[in-house]
Amino acid sequence: MPPRRSHDRVAIFAHIADHADHRHHFVPAGLLDKERAASDQQVMSFAYGLRYLKRPEAFDVDPRALSLARARERPGTRWYPSAGLDEFGGIRDAAPDAWGRRVIEARLNAAPNSLDEFTYLLEAGSDRVGALDVREALDAPTRNPAGNLASLRYLLQAAAAVDAGEPVPGHLIPYLGGAPSAGGARPKASLRDEDGVLWLAKFPARNDAYDMAIVEAGALDLARAAGLTVPPLRVLAVGVQRVLLVRRFDRYWAPAGQPLPVGSRGYDSRPQVGFTEGRIPQASALTMMGCPEMDSAAKGYRDLAQTIREQVAPACIAADNEELFARMALNIFINNDDDHLRNHAFSYDAQLSGWRLSPLYDVVPRPTVARERRLHLSVGLQGKLATLDNAMSEFAAFVPDKPAALGVIRRVWGAVRGWKQVFEAHGATPTLIRTLEQAIRPLSDIASPELERELRRRPPAPPGAPLKKMVQYPMP
């Protein structure tokens with residue numbers, strides 16, 4: 001096999017709702033280069049294209065390190081990553097994670113971690129997360145589009161081979177097109193349904209101890225019942241296996257060249273005559289905080305709340321911080337300790353010209369026999385300790401007052417109390433229910449007696465409302 005070409009420059013494209021041309025399409029945004037610093041270390045640099053800077057629909061390639069406002073003041077400037085970072089977070093978010101890298105290596109018959117970073121970026125394909133694309137040159141076409149539901153059975157076979165570390169049969173290689181396009185370590189791929197809508201398909205892994213499709217679907221439905229922002233999902237049976245399909249919330253359908261209506265989510269839209277697919281820029285919390293990957297574990301929900309106040313569109317700050325507090329409470333109830341900064345993200349709202357908290361994703365209960373449990377991110381004054389008292393210790397970072405904080409927790413608790421019926425509706429067996437009992441905890445396990453009494457009381461009636469008898473919620 002001839003040696004692979006090493007790339008020192010790639011072109012970054014942005015997908016925009018082009019009012020003037022009445023279409024949704026990719027346009028060149030700039031050039032990403034590898035350079036050698038004086039210390040002989042390799043560094044990244046980026047320069048925005050002059051035409052891109054003039055586009056009214058342009059968005060920041062990286063909201064922290066590649067501000068369009070600064071670039072428009074200094075057109076032609078070459079920019080470098082923020083201090084302490086080796087790469088641009090916005091472009092890193094468009095790169096494949098652990099699973100995607102394994103798929104690319106299998107497709108190219110390469111050893112683990114043997115490819116240069118630009119190759120991984122290029123091979124991720126044009127259906128990657130968000131509204132960026134990475135190509136070899138400004139005139140290069142899109143590549144490796146997502147497959148469709150009709151090919152799901154073959155894609156499962158190809159993904160199983162990658163997961164097992166075995167060679168992928170040649171006839172299955174073409175089905176891996178959309179497999180590197182989303183983050184995370186578990187097997188997955190992007191697929192289009194019969195209407196052309198893009199979904200993320202999440203597959204079983206060979207070392208799964210139980211049915212992860214049911215577990216994640218149930219957790220997301222609990223979140224939806226608690227009033228959180230959750231994309232549509234489906235669980236499909238493929239032979240004896242189950243596959244979880246989650247609607248890609250970074251895509252939307254609208255009249256050609258039109259942005260998503262203000263306040264809407266991409267999954268609120270469907271294809272129809274005269275509509276084309278648009279893309280919604282995404283940025284991980286890691287990027288929005290300008291944080292190196294290794295520092296993620298030192299951060300907390302309070303830091304995320306501060307990022308919302310600093311980076312989110314003003315109209316969305318209050319609602320986003322209340323939702324963040326509810327997400328933290330949900331993670332405490334169900335022991336989702338995979339809540340690192342890549343599993344929190346932000347979506348760009350073109351109508352608001354600003355960012356907002358993205359819909360929820362990657363929420364999975366983790367069974368354990370440990371009595372004392374911790375999340376990945378810090379919860380409150382007691383660090384990562386996963387208790388509601390710890391969450392309440394810093395409620396003022398998220399909501400205006402204590403009654404509001406208690407109301408959020410009551411809402412989440414009200415949804416979680418019915419968890420068994422939710423999981424059983426997705427097909428959970430009695431054995432799986434017993435396993436999940438080691439993850440999803442009753443209120444008394446995560447709240448002090450004093451806080452439990454407060455939560456069981458009805459909130460005070462608003463001023464002027466008729467008095468009602470104070471009651472307590474029944475024990476779960």
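Figures for the structure shown
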quantity	calculated
From A319, A285, residue being surrounded by fewer than 20 Cβ atoms within 10 Å (Cβ to Cβ), modelled with pLDDT of 95 or more and of a type in the set (G, A, S)	A319
Residue in region 50-60 that is in contact with a helix residue (DSSP H, G or I) (Cβ under 8 Å, 6 or more places away or on another chain) and charged (D, E, K, R) present	yes
Filter result (charged (D, E, K, R) and part of a strand (DSSP E or B)) within region 336-359	D349, R356
Selection from region 188-217 of residues that are touching a residue at least 60 places away in the same chain (Cβ under 8 Å), in a loop (DSSP other than H, G, I, E, B) and under 28 Å from S126 (Cβ atoms)	D195, G196, V197
Hits in region 86-135 - residues which are aliphatic (A, V, I, L, M), assigned to a loop (DSSP other than H, G, I, E, B) and crowded, with 20+ Cβ neighbours inside 10 Å	A94, A95, A124, V129, A131
Qualifying residues in region 70-85 (those that are exposed (fewer than 12 other Cβ atoms within 10 Å of the Cβ) and small (G, A, S)) - the one modelled with the highest pLDDT	G76
Yes/no for D362 being in a loop (DSSP other than H, G, I, E, B), buried (at least 18 other Cβ atoms within 10 Å of the Cβ) and in contact (Cβ under 8 Å) with a residue 40 or more places away in the chain	yes
Subset of region 329-357 [closer than 17 Å to M392 by Cβ and either touching a Leu at 6+ places or on another chain (Cβ under 8 Å) or among the hydroxyl-bearing types (S, T, Y) (or both)]	A329, L330, N331, I332
Tally of residues being in contact with an Asp or Glu (Cβ under 8 Å, 6 or more places away or on another chain) and either buried (at least 19 other Cβ atoms within 10 Å of the Cβ) or among the aromatic types (F, W, Y) (or both) across region 380-394	3
Among residues of region 137-176, those that are of a type outside the set (A, V, I, L, M, F, W, C) and assigned to a loop (DSSP other than H, G, I, E, B), counted	10
Residue in region 288-301 that is surrounded by fewer than 23 Cβ atoms within 10 Å (Cβ to Cβ), hydrophobic (A, V, I, L, M, F, W, C) and touching a His at 6+ places or on another chain (Cβ under 8 Å) present	yes
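The values are calculated or read from the model by the stated rules, or taken from the named source; none is laboratory data. This is a predicted model, so every value here is computed, not measured. Here the Cβ is made from the backbone with ideal geometry for all residues, glycine too, and neighbour counts use every protein chain on show.
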